[in-house]
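J.: Here it is, the structure, as structure tokens.
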Amino acid sequence: MDRIRIRGGARLRGEIPISGAKNAALKLMAASLLTDEPLTLTNVPALVDVAFMAELLRSFGVAVELEPGTRLGEGGRLSLCAARLTSTTAEYDIVRKMRASFQVLGPLLARHGEAKVSLPGGCAIGARPVDFHIKGFEALGARIDLADGYVLARAPEGLTGATYEMPFASVGATENLMTGAALARGRTVLKNVAREPETQDLGHCLIAMGARISGLGTSEIVIDGVERLNGIEYKVMPDRIETGTYAIATAIAGGEVELVGARAENVGALIGLLEKIGTEVAATKRGFAVHRNGFRPISVDVVTDVYPAFPTDLQAQFMTLMAIAEGTSHIRETVFENRFMHVPELARMGADIHVEGDTAIVRGVPGLKGAPVMATDLRASSSLVLAGLAAEGETIVNRVYHLDRGFERLEEKLSAVGAEIERLKA
């Protein structure tokens, strides 16, 4: 199993290109099921999860092709054509690998009138139930049964528009229901929906395919169903979590890095905090630049919540920054109940962190010490790499397969701006 070795103390300088957003790309790939024409996606990141989604779509009979002469993550173009499906069953062996696989339920149900999708099960950072998805589709007229760990959904006459208010602004449920409603008869009104940029990106793609959707970026989305959608070419938005991770990395290690292709408006909550702690953030023609001199950051309190608040997917990385800040910070996690599993690993490196319920109390220390650590999930993995950048000596991060699910060439990108980091092959 691969490991990553970091020798701390190097300042970062240069530029880092931001890859396409994983959380947008996966949902856009699932949207290919809504049309019999090719959907061509560009700026698709080269990630393990993208490969899993491609495997799932192929199991339905979708033609998935990387266009000749291109590579994922390097301007690659991924063509998906669901002209003729041979199955509408998403098997457990594939869905268990990646929760985003459940997003095929809406497109399959909307276009083909039926779907059998494995329940994704639990998750290392929380249960993340699919109740909102199921209740939403029932509101749209689907008959749904649960049997042997599968969701059996049927709408032989198609889905019918309805009004559905979600108890919580669930990203997955919003996206699943939006894709399903795109081909439903009549008008669907979704209330208390997610406002995340990736959700908006999916909506913009659907609109370009011929869907009639309004309200993207607000708490209420209105979808007027159409009979069919068309194939198009669409560019995946830049990854805001990768953007935030490298911005925090620069604040931790010090130096100046331009994040090329990044959209500052998608990480506004983070930028506000970085500026409060003494880090400079400036717009550039190609994205924005982050600069921090030799002074220690200043502690600030953080509460995670749904967009546009501070994202839970940057909580672990920001905690690492607060671990070396001057003063005490309180980091409250309101989205996932088990997302402090990186705390014991940071403590191995000398961090002073105490967890009380949903809040981590972080007392900043002057510096961290390199140590062997174990990654527990995707975002925790990146937080340990960032800790290694600031630590004295050598840090070895084990179980980095988590990183390959969400960060494209992380060690190469950090090495290119001066970090002493390398992957140790198993």
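J.: Considering only residues that are under 23 Å from the mean Cα position of the chain (by Cα) and among the hydroxyl-bearing types (S, T, Y), look in the range 144-193 and name the one that is nearest to V130 (Cα to Cα).
T.: Top of the filtered list is S170.
J.: Please specify each residue of the range 30-58 satisfying the condition of being in contact (Cβ under 8 Å) with a residue 60 or more places away in the chain and among the β-branched types (V, I, T).
T.: Hits for the range 30-58 are T35, T40, T42, V44, V48.
J.: Which numbered condition trips up A351, out of (1) surrounded by 19 or more Cβ atoms within 10 Å (Cβ to Cβ); (2) of a type in the set (G, A, S); (3) free of Cβ contacts under 8 Å to residues at least 40 places away in the same chain; (4) closer than 14 Å to I248 by Cα?
T.: Checking A351 against (1) surrounded by 19 or more Cβ atoms within 10 Å (Cβ to Cβ); (2) of a type in the set (G, A, S); (3) free of Cβ contacts under 8 Å to residues at least 40 places away in the same chain; (4) closer than 14 Å to I248 by Cα, the one that fails is (4).
J.: For the subset of the range 327-348 comprising residues that are surrounded by 15 or more Cβ atoms within 10 Å (Cβ to Cβ) and acidic (D, E), which member is farthest from A253 (Cα to Cα)?
T.: Top of the filtered list is E333.
J.: Could I ask something else about it? Scanning the range 158-194 for residues that are touching a Leu at 6+ places or on another chain (Cβ under 8 Å) and assigned to a loop (DSSP other than H, G, I, E, B), which turns out farthest from S219 (Cα to Cα)?
T.: My answer is G158.
J.: For the range 90-129, name all the residues that are modelled with pLDDT of 90 or more and over 21 Å from A184 (Cα atoms).
T.: Passing the criteria: A90, E91, Y92, S101, S118.
J.: It is to be established whether one or more residues within the range 306-325 are touching a Phe, Trp or Tyr at 6+ places or on another chain (Cβ under 8 Å), assigned to a strand (DSSP E or B) and within 27 Å of L259 (Cα to Cα).
T.: yes
J.: Are there any pairs, at least 6 apart or on different chains, whose C-beta atoms fall under 7 Å, with the first in the range 364-391 and within 20 Å of A251 (Cβ to Cβ) and the second β-branched (V, I, T) and assigned to a helix (DSSP H, G or I), and if so, which?
T.: Pairs that qualify, where the first residue is within 20 Å of A251 (Cβ to Cβ) and the partner is β-branched (V, I, T) and assigned to a helix (DSSP H, G or I), are S382/T245; S383/T320; L386/I248; L386/I252; L386/T320; A387/T320; L389/I252; A390/I252.
J.: Given (1) out of contact with any Asp or Glu (no Cβ under 8 Å at 6 or more places or on another chain); (2) in the same structural domain as G388 (by TED's automatic domain parsing), identify the lone condition not met by T163.
T.: (2)
For every residue, the table says whether it meets (1) assigned by TED's automatic domain parsing to the domain that holds R212; (2) modelled with pLDDT of 95 or more; (3) of a type in the set (S, T, Y); (4) in contact with a Gly (Cβ under 6 Å, 6 or more places away or on another chain).
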site: L12; (1), (2), (3), (4): no, yes, no, yes
site: L28; (1), (2), (3), (4): yes, yes, no, no
site: S32; (1), (2), (3), (4): yes, yes, yes, no
site: D36; (1), (2), (3), (4): yes, yes, no, no
site: L41; (1), (2), (3), (4): yes, yes, no, no
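J.: Can you tell me how many residues within the range 184-223 are among the hydroxyl-bearing types (S, T, Y) and in contact with a Ser or Thr (Cβ under 7 Å, 6 or more places away or on another chain)?
T.: Qualifying residue count for the region: 1.
The values are calculated or read from the model by the stated rules, or taken from the named source; none is laboratory data. Just so it is clear, the model here is predicted, and its values are computed rather than measured. As a convention, Cβ positions derive from the backbone with ideal geometry for all residues, glycine included, and neighbour counts pool all protein chains shown.
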